[in-house]
Structures are given as structure tokens and as C-alpha cells.
Amino acid sequence: MSPPGALQPFDDTDSVAECRRILGSARGVDISYEWVRGRNGHPLNELADRLAVLARRSREMGVDGVTKARMIASIREDAKTAVGGAPLLAAA
């Protein structure tokens, strides 16, 4: 038995399948990846970090859908002004 608060193994089968689906739908599109140093102050990098932390903590703590939606809405509002006032996340 794991100690209280210990992280449990995570089955990423769904995540891998979703990545494959996205890449499959992008056939014929030139996709490039660029490594960006974490915590470098770049607005998009900071936004991605906040979303990743939200996803992880929501799963770990069993955050309900309403609370999670409110937290995402808050990040979305911040994202609207993160880079030149242009929205970074479309409304869900």
C-alpha cells in the first residue's frame, strides 16, 4: 500500500492515443517542434506550465468539474492579455 499523498502510477494510454489522433489528422501539414527552456518568462511557456499544473493537481486531488472549469476560465482570461492582447485559448 502506498503512503497517503503518494503519486499513483498513471496510465497514459489515452494521452498517447490522443497524440496519435492529432498527428494523424495533421498529415500533410509541416509540424516542427522547438525546445523552450522552462520557467524562462515567455508568456506561452508560462501559460503551458499553468495548464499542466492545473491538469496534474486536478487529477491528484479529484477536483470537481465546476471548480476545474472556473480555474480554466481564470487562466483563459489571463491568456487574453499574455501576448499583445491576442487571445491564446479559444473558449471551450
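Computed values, structure above
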read-out	value
Top-ranked residue of the stretch 18-47 - restricted to ones that are polar (S, T, N, Q) and not in a loop (DSSP other than H, G, I, E, B), ranked as nearest to residue 79 (Cα to Cα)	45
Counted residues, the stretch 59-92 - those being modelled with pLDDT of 85 or more, of a type in the set (A, V, I, L, M) and within 15 Å of the chain's Cα centre (by Cα)	5
Matching entry among 25, 32, 2 (being modelled with pLDDT of 85 or more and more than 17 Å from the chain's Cα centre (by Cα))	25
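The values are calculated or read from the model by the stated rules, or taken from the named source; none is laboratory data. This one's a predicted model, so the numbers in the text were calculated from it and none came from an experiment.
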